[in-house]
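Here the structure comes first, spelled out in structure tokens, and everything after it is commentary.
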Amino acid sequence: MPQTETPVVLAARGLTRQYPGVRALDGVDLTLRAGEIHALLGENGAGKSTLINLLTGAQRRDGGTIIVDGMEIDPDGPGGAVRAGIAAVYQEITLLPNLSVAQNLYLGREPTRWGLVHRAAMNRDAGALLRRFGLAIDASRPLSDFSTAVQQLIAIARAVDLSAKVLILDEPTASLDTAEVQALFTLLRTLRDQGLAIVFVTHFLDQVYALTDRITVLRNGRLVGERRTADLPRLELVSMMLGKAPTAESHLARRPATSAGTGAPLVRAEGLGRRRLVGAFDADLHAGAVLGAAGLLGSGRTETALLLFGVETADQGQLMVDGKPVTLRSPRDAIRLGFGFCPEDRKLDGIVAGLSIRENIVLALQAKRGWWRRLSSAQQHELADRYIKLLDIRTPDAEKPIQLLSGGNQQKALLARWLATDPRLLILDEPTRGIDVGAHAEIVRLLEDLRDRGMALYVISSEIEEVAAYSDRVLVMRDRAPVGLLEGDSITPAAIVNAIAAEHHTGGAA
Amino acid sequence: MMGRLLNTRTLPLLATVVVFVLIYAVCAAQYPAMLGLRVLGNLLTDNAFLGILAVGMTVVVVAGGIDLSVGAVMGLTTVALARLIEGAGLPPLAAFALVLAGGALFGAGIGAAIHVLKAPAFIVTLTAMFLARGCALLISTDSIPIHTAGYDALAGAGLALPGGGRLTLVAGIMLLTFIGGGILLHGTRFGARVFALGGNAHFAQLMGINTRSTTILVHAFCSLMAALAGIVFSLYTRSGYALTGTGVELDAIAAVVIGGTLLTGGVGGVAGSFIGVLIQGLILTWITFDGTLSSWWTKIAIGALLFVFIAVQRLILLASTRYGRSGAGPGAPTTPHPAASTPVARSSAPGAAAPSAP
Amino acid sequence: MNALIRTLAPRLKAARPQLALLILALLVNVIVAPGFLDLRMQDGRLFGGLIDILNRGAPVMLLAVGMAPVIATRGIDLSVGVIMAISGAVAAAAVNAGLAWPLALLAALATGLVCGLWNGLLVAVFRLQPIVATLILMVAGRGIAQLVTEGRILTFTEPHLIAVAGSTVAALPLPVVLALAASGLTGLLVRAAALGLFVEAVGTNPRSSRLAGVHTGLVLGTVYVWSGLMAAMAGLIAAADIRGADANNAGLWLELDAILAVVIGGTSLYGGRFSIGRSVLGALVLQAMRTAILRAGLPPELNLVLMALVVAAVLTQQSPAFRPLAARLAARLKNKEARA
Amino acid sequence: DSGDKKGLTVGFSQIGSESGWRAAETKLARQGAEAKGITLKFSDAQQRQENQIKAVRSFIAQGVDAILLAPVVSSGWDEVLGEAKAANIPVILLDRQIDTPNVDLYLTAVTSDTIEEGRVAGRWLAGKVQGRDCRIVEIQGTVGASLVANRKKGFEEAIATAPNLHLVRTQSGEFTRAKGKEVMEGFLKAEAPGSICAVYSHNDDMMIGAIQAIKEAGLKPGTDILTVSIDGVPDIFKAMADGDANATVELAPDMAPRAYDILLAYRKDHAPPPKWVQTPSKLYEPDTAAAEYARRKDLY
Ligand SMILES: Nc1ncnc2c1ncn2[C@@H]1O[C@H](COP(=O)(O)OP(=O)(O)OP(=O)(O)O)[C@@H](O)[C@H]1O
Ligand SMILES: Nc1ncnc2c1ncn2[C@@H]1O[C@H](COP(=O)(O)OP(=O)(O)OP(=O)(O)O)[C@@H](O)[C@H]1O
Ligand SMILES: [Mg+2]
Ligand SMILES: [Mg+2]
């Protein structure tokens, strides 16, 4: 950690951005010094992403100045920012799925030979660049062939390669697993030592303390303060973010259901599977109990959810609901049985951007009721308002288009969509991804509450401590096949990690 | 090897080629005269203007747009040329330069309007179609023959093929345009920008692409091609007529789509469009060779054959994508699957990937 | 009554741009043909320029009513023009073959339904891109219509069929009443039932909608069938209007008018939000401008250029870029005035 | 070449099927071919010159014995007709002339005189109104279509001789009934009530639409407003018989049968026919309308 103050690379003063009905950013300052990793923290909707968008010129600012190396800049778009030495990885992956990995990495600055793009050189360079991130992939393949995690790494690689002075990462670790996070950190430290200024947004406080040198905290679009990480105790940081002292009790104390898992299961999967998608797995889902799913990225957890919800049709095994065999051919079949599913990709599979929060919340319920039994406007408003309040969705009103909410609040609205259908089984894929500390605890409490009210829950999460905390059973997946089932007191983070790592040769040679 | 050949990008193209060859074989079996180089030469010459339009259209469609004005711009070009050469006495080459520049400018205007007004390309280019056609009619409502000696020489130029066929200058221009278009789209930085724009304009912008200049250039290129098609058409008919190319934009779009380029943008290429043009020409040739179809059955047959092509193509694609989950067909709405099922080599060993409890 | 005002007021407010355009277009008409606004009652039917626009605009109004939901699902229906031709031809052929008129009308509507079903099948089940799917019918359909009429104009004298365009209800020409009733019915179907929400959801994010339990295929199919039905009705009106089925020209290029009307009505071609009422207004705007051009007494060579300029002006007025620009211009003008 | 009439193959490149008149021309071409034992290869160009060129080229490739061409535009045929000539295939133009410096490219043209059609209509009107002042409105065909300029020109020539005839308004009805009706509605609204004395329409279909518009405006077509149009389709004879229309100038649709005769004669004695075989542009009035209607209604 640098002892003396290094020179200021970027100084933003009084940045302001007004959206209709929301002042997303209100006179915020940010100072970045050479060779530091600077954490930008705040609750969902605090304005972190907005600040980043203003720095890169992805959005117009309504006020304020940005000074880079003593010169005021006015980026007219991300292209201008890159020329000024600023590169960013945005919160949602903003790469182009139709291009190859290499094309994504070198878009706009492809190596050329005789005026034409030199593909071979580009692919070679791309391969070399990606190897620094621990990715040994064929860079000439289309980006869409790769998982979210890999895409996230590619986006980071691109930004790192582009950034001359400032590198901005908006929740880069949200979809990475621990090993990948470690690799990324090592790289970021190297870059810092080379003098780069790095902005790092995350909701994982552990990562803040493991990596960053300095912290800027935002709340409700205003600057709360800037501190050195070393001088700021965790509790104080959290209260800066929340604007009040956090409740003492940690939300991650293990609190499984008291009488869970006894009696006949609501839903039972017996050897359910689909060729080339996921190997046969068993799962019992009991009313009032949580089944957790753990595993590395790409271990096939999402696929189990797809089969349970009828998004993909199983070609082996049997699904039993209430003891009766059923076949799910589409999500509608599953919904009819009282299932609900919050998918992991909010933007692509979750929200219906362009429609209001209200419409997004009532969509599943209305679809369940059919075309003719329309929920009246009054009913819709009542529902929306109830869940906005219940889940503390931060929005001026229910009529705001959902895509204008911050990521965490979108997640809550999706949860509301399913709660409104009053499901018997709720499947949640990464429900806490990209959610701030406060909301994280709220969501976990909410899940426990739902469970206690007798709902069956199937929760897929990459946060092992979290899974360990509230699950009554944990299904461990690896290489698209189940490798273990933990029950009762045997559920501890360490046990889950062991199950994931142990005897990797048995996990199936998929 | 097979896997590399049959990836999601080459597959639609391959399916198109297969369908083309199949249908050609069926035609030739029925009418052996269709096999000769003469018919093949005619196919190239008669569809030269459509091919050139299809090159421009491919670029626009790959960029996520559409251009309904190309037929009208082509018509406008032919009349303008006739007026410039016959009326103003300009040498043909000077007139060509003038209309090409005019075409590019017109397209740049379309692109600028799309960008500035944030209006859909469909509507802006529809307006441009009215405008171009209207201007052409204002220049002349009659068809104007061009009899300048040099023009006849240009129009008549060509290589004799064995069997009475000819590879004409206009066919040559079309082939060169396809090659040039292919290089532009698949080999240059500009081409990469076009694909980026079509993939997702907003993301492209966030990645530092100047969407304004790209939109303008793309439409300038398309209208430039329309003007070139106009030149070719005027060489082909040695005349200028305001209503030339009515409805041709739909043929060009159909050719592009049959060729596997997605109207949603970001996926495609000119090679497929070339086959698409040939397929359309083949349909018409077959119908004339048959010669028994009434006016109405002609239309029904064209529609039905279009359907058969697309259906067969989709079946081929469906059959082959059974062995891999990804891949949208031609004419299929894109619903990219985020998690395709290709296994990926990771450099970190599985043991090392095991997370240590934080 | 109050409830009516409460539901109508926000809609009227949302339709301000379209209303402004319509008023402008009507003004042009008044300038071109003084006495345009005169209304007179004769034999229990209203006559006047406004009625003409409603009457002539009825087919495109109907097409726009069908097209708006299609476009809202991120689709497009290029075949409505030929569906008009086919249904008109079927009706004419049916009465000329001696079929009772109600059966002929039903046959025509059923034709539209079948055409819509075909389109819906290609889009929803076969998963073709809507432009291509409907292009197939657009190409082949005119041939089908001509097959029915053998390329002639099938003139008919069946009074009930003629009455579809020639009779009067509540002092208004029947086409106007039909178009308004169809828009009302569609509006009701879309807003009072849940179809509107589903259409908009499918149009913005089909994947999320499917995961939320929306039957996306059924929604897609329905909008194309509805569009076909509306087109069939428009086709009946067009045929009745000239007392003959003109398979060659009925509905020619009207699909473009319908699309334009929907776009003027503020529906994005990229799917999502749509409004039946504003699409109908869009159709009227188009018809009013067309009428003005036809009646201006300018040489017909100018028609296309005028149309282009008018649409360009409309697009500019509707563009989001225009509002701040207009505001800035106004401010600058004011500044200049102040300085002078 | 073989002189036998049996087994003669003729290619016919038709413009399209945009009107009833053209459907009749096609129908007569087919009937005539059948009657004379000719194999007819028919190709519909859907209003596109390039399709016609393609068709002619395909005909050449198939080695037909002769080609009938109804050209959609007047210019642009030199190249492809040159190819036909090189292949020794005679070409007969139907219905429209072409613009070429080299008339050897085709055998003959069987067409009417489209300027004359306009003149006949104009002369009839001048005679009908005598010295009375008459404000005329014109419904013209599709802007840019090759007939339009000529039919307009001929008509204007004819009425120029009569100072009492004024052409006050002209608008395009695009050759269709529906547009003809809409345009006439506009004329009736835009002109002072009762001030229009006659309508001239470039085809009968538009006139039939216009007649309906006149009726719906509460006027009596044929009496309050005189009508004259061109083509001679059955429905206009019916209208004349009903007293709703005054005159039509016939454009005979039997061009192809005439061409067959010329062709067969030419193949027999190799004497080149005249370059232009003009079909008559006969004017019909209500007196013969009922009979003419009966004669024609199955022809179309
Ligand atoms: N385009 C927009 N239009 C209107 N409001 C917006 C827009 N973008 C963001 N907002 C609002 O601005 C506020 C700040 O959002 P921002 O995305 O910056 O939050 P964040 O701190 O990044 O949150 P998260 O941690 O959830 O990503 C939120 O209230 C959000 O609803
Ligand atoms: N580390 C990786 N590198 C490359 N590709 C991967 C990696 N991990 C997973 N994939 C691919 O990504 C896709 C997505 O994985 P999948 O959604 O099945 O996993 P998951 O267990 O649900 O993971 P997640 O934690 O992302 O929800 C799979 O097709 C897999 O092949
Ligand atoms: Mg954010
Ligand atoms: Mg997953």
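Below are the figures for this structure:
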item	result
Label-point separation in nm, C:R45 to A:K389, each point 7 Å along Cα→Cβ	5.9 nm
Listed residue pairs exceeding 29 Å between alpha carbons, taken from D:K85/D:K282; A:K244/A:K412; D:K36/D:K179; D:K128/D:K275; A:K48/C:K334; B:K299/D:K215	D:K85/D:K282; D:K36/D:K179; D:K128/D:K275; A:K48/C:K334; B:K299/D:K215
Beta bridge orientation in the protein assembly as shown: antiparallel %, DSSP, nearest 5	45 percent
Folded to 0 to 90 degrees: helix D:114-129 orientation relative to chain D principal axis, Cα	20 degrees
Normalised alpha carbon radius of gyration of chain A [divisor 2.2 N^0.38 Å]	1.00
Relative contact order, percent, region C:1-134 [alpha-carbon distance under 8 Å, six or more residues apart]	15 percent
FRET efficiency, A:R124 to A:R83 (Cβ-Cβ, R0 25 Å, nearest 0.05)	0.45
Separation of alpha-carbon centers, region A:322-369 and region A:470-495, rounded to whole Å	27 Å
Chain D: most fluctuating residue of D:Q14, D:Q130, D:Q47 per GNM, C-alpha cutoff 10 Å	D:Q130
Cα lying deepest toward the dipole's positive end in the protein assembly as shown, options A:L143, D:I136, B:L217, charges on Cβ	A:L143
Most mobile listed residue (C:G251, C:G151, C:G213) in chain C, GNM with C-alpha springs under 10 Å	C:G213
Helix D:146-160 vs. chain D, principal-axis angle (Cα, 0 to 90°, nearest 10)	40 degrees
At least 20 Å along the helix axis (C-alpha) and Kyte average at least 0.0, DSSP helices within chain B	B:10-30, B:48-62, B:92-117, B:121-139, B:169-187, B:211-237, B:270-290, B:295-321
Net charge dipole size for the protein assembly as shown [Lys, Arg +1 and Asp, Glu -1 on Cβ; Debye, nearest 20]	1320 debye
Net charge of Cβ neighbours under 14 Å - reference D:L105; Lys, Arg +1; Asp, Glu -1	-3
For the protein assembly as shown, projected area of the alpha-carbon convex hull averaged over all directions, nm²	60.2 nm²
Portion, in percent, of the accessible area of region D:1-109 that falls on carbon or sulfur, probe 1.4 Å	47 percent
Relative compactness, region C:1-103, computed as alpha-carbon Rg over 2.2 N^0.38 Å	1.48
MRE, 222 nm, helices only [DSSP H, n ≥ 4, -39500 (n - 2.57), over chain A, to nearest 500]	-9500 deg cm²/dmol
Estimated inter-spin distance, D:K282 and C:I5, nm [label 7 Å along Cα→Cβ]	7.2 nm
Region B:11-320, Cα convex hull volume normalised per residue, Å³	138 Å³
C:A163-B:T188 pseudo-label distance in nm [points 7 Å out on the Cα-to-Cβ vector]	6.6 nm
Rounded percent of accessible protein surface that carbon and sulfur make up, chain C, 1.4 Å probe	70 percent
At 1.306 mPa s and 10 °C, Stokes diffusion of region C:44-295 via Kirkwood alpha-carbon radius, µm² per second	89 µm²/s
Å³ per residue enclosed by the Cα convex hull of region A:356-420	70 Å³
Mean-position separation - Cα centroids, region C:251-318 and region A:120-195, in angstrom	50 Å
Rel. contact order, % - alpha carbon contacts under 8 angstrom, at least six apart, chain C	31 percent
Chains B and A, summed buried accessible surface - 1.4 Å probe, Å², nearest 100	3900 Å²
Euclidean distance of C-alpha centroids, region A:1-65 and region D:201-265, integer Å	78 Å
Rounded tilt (10° steps) of D:20-35 against the dominant C-alpha axis of chain D	30 degrees
Cα-Cα pairs of chain D separated by more than 37 Å (percent)	20 percent
Relative contact order of chain B, pairs being alpha-carbon contacts under 8 Å that are 6 or more residues apart, as %	31 percent
Over chain C: helical MRE at 222 nm, DSSP H runs n ≥ 4 each giving -39500 (n - 2.57), nearest 500	-24000 deg cm²/dmol
FRET efficiency for D:A192 and C:F322, using Cβ-Cβ distance with R0 set to 51 Å, rounded to 0.05	0.80
Accessible area buried between chains C and B, both sides summed, probe 1.4 Å, in Å² to nearest 100	3900 Å²
Carbon/sulfur fraction of accessible area - region A:8-242, other protein chains in place, 1.4 Å, %	49 percent
Förster radius 30 Å - calculated FRET efficiency between A:T65 and B:S213 (Cβ-Cβ, nearest 0.05)	0.65
Listed residues B:G172, B:V60, B:G71: farthest to the positive end of the dipole of region B:11-320 (Cβ charges)	B:V60
Chain A - charge dipole about Cα centre, Lys and Arg +1 at Cβ, Asp and Glu -1, debye rounded to 20	1020 debye
Residues of the protein assembly as shown: accessible area per residue with a 1.4 Å probe, Å²	36 Å²
Farthest toward positive dipole pole in the protein assembly as shown [+1 Lys/Arg, -1 Asp/Glu at C-beta], among A:L99, B:I279, A:V238	A:V238
Chain A: antiparallel DSSP beta bridges as a percent of all, rounded to 5	55 percent
Max mean-square fluctuation residue, GNM over chain C, Cα-Cα springs under 10 Å, options C:L185, C:L113, C:L161	C:L185
Counting DSSP beta bridges with both ends in chain D, the antiparallel % (nearest 5)	5 percent
Cα-centre dipole for chain C with unit charges at Cβ (Lys and Arg positive, Asp and Glu negative), debye to 20	1560 debye
Distant-in-sequence amide H partners of A:L169 (H built 1.01 Å from N, under 5 Å)	A:V89, A:V199, A:F200, A:V201
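The values are calculated or read from the model by the stated rules, or taken from the named source; none is laboratory data. Because the structure is a prediction, the values reported are computed rather than measured. Glycine also receives a Cβ, built like all others from the backbone with ideal geometry; neighbour counts cover every protein chain displayed. Note: areas computed on protein heavy atoms with side chains; ligands, DNA, RNA excluded. Shrake-Rupley method; radii C 1.70, N 1.55, O 1.52, S 1.80 Å.
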